[in-house]
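Data first, discussion second: the structure below is written as structure tokens.
The values are calculated or read from the model by the stated rules, or taken from the named source; none is laboratory data. Since we're looking at a predicted model, the values are computed, not measured. Remember, those area values only see protein heavy atoms, side chains included, never the ligands or the DNA or RNA. Shrake-Rupley method; radii C 1.70, N 1.55, O 1.52, S 1.80 Å.
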Amino acid sequence: LANSNDGYLEIETLVTPIDLYDTLYFREDASGHVRLVCHRALGSWGPDGPGPDEVPQGAENLVVRAVELLRQRAGVRAGARLRLVKRIPIAAGLGGGSSDAAAALVAANAGWGLGWSQGQLSRLGSELGSDVPLFLADGPAVCRGRGEQVEPVANLGMLHFVVVRPPAGLSTAEVYKVCRPAREPRRLEPLLRSMVRGDLAEAGRLLFNRLEPAAESLSPWIGRLRRALAETDCLGHLMSGSGTCYFGLCRHARHARRVARRLQASGVGIAFAVRGS
């Protein structure tokens, strides 16, 4: 993280997709209105996680905002009926809202037969959120600037993680507000080189998140999760994004499933064994 001239914090971060995802259904509606219904997938967040009523379903939802923005810019008169099935925990540092917004742009573009390019959708997405363009890219990427500068990364291989979501979330804006950028930001190159050559043990040792101390000052769950992951045999562990989710880098899928069972049994939250690419 570093300060920028426009008052925003400039970031450099490595992001990889994982197979924990929401599902969005789109249907054209002649009414001219955009309507969204949101459901939580059964068992997705655990008994203590937020319910679907805590996910905004009106004009403040990024899915609705994305569809309305594309509708306005493309001059579409038709409306849309949208159904969102949530599996990605909210306020968790996993990009759930931004990925839903990206999916909404893709769905509306196809459903209305607009034929907009990925580049056009990415530029529109950046107006909704700095990390929306990331979810319109394919595969792992390094994000810079405010997150909107997306550079695809190849040859990272198949990755396996355990992701733990504690009972409480964090506001991204609040975490950034209390974060203090370093005078000499750490670079991603050593981590990228270790991952490209398949040295996951070294990659695990190089994991670093400048937002973690800020998040820990706001939530006791960050320290608790770090201690819980430190007691496992993961190759490395780190807070995801602005938190509160925490992840561990695993050797293979079986390892991730075993660690997930252990963490969930320990009571620190709901744990997912996931695959990245």
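Determine whether region 212-230 contains at least one residue that is open to solvent by 60 Å² or more (accessible area, probe 1.4 Å), within 27 Å of Asp138 (Cα to Cα), at pLDDT 95 or above and part of a helix (DSSP H, G or I).
As a first pass, look at region 212-230 and keep what is open to solvent by 60 Å² or more (accessible area, probe 1.4 Å): 213, 216-218, 220, 224, 226-227, 230.
Those left that are additionally within 27 Å of Asp138 (Cα to Cα): none.
No, because not a single residue in region 212-230 is open to solvent by 60 Å² or more (accessible area, probe 1.4 Å), within 27 Å of Asp138 (Cα to Cα), at pLDDT 95 or above and part of a helix (DSSP H, G or I).
Tally time: how many residues in region 64-78 are part of a helix (DSSP H, G or I), open to solvent by less than 40 Å² (accessible area, probe 1.4 Å) and either farther than 13 Å from Leu124 by Cα or not hydrophobic (A, V, I, L, M, F, W, C) (or both)? Working first, answer last.
Step one: filter region 64-78 for residues part of a helix (DSSP H, G or I), giving 64-74.
Now drop any that are not open to solvent by less than 40 Å² (accessible area, probe 1.4 Å), which leaves 64, 66-67, 69-70, 74.
Remaining after also requiring either farther than 13 Å from Leu124 by Cα or not hydrophobic (A, V, I, L, M, F, W, C) (or both): 64.
Total meeting the criteria: 1.
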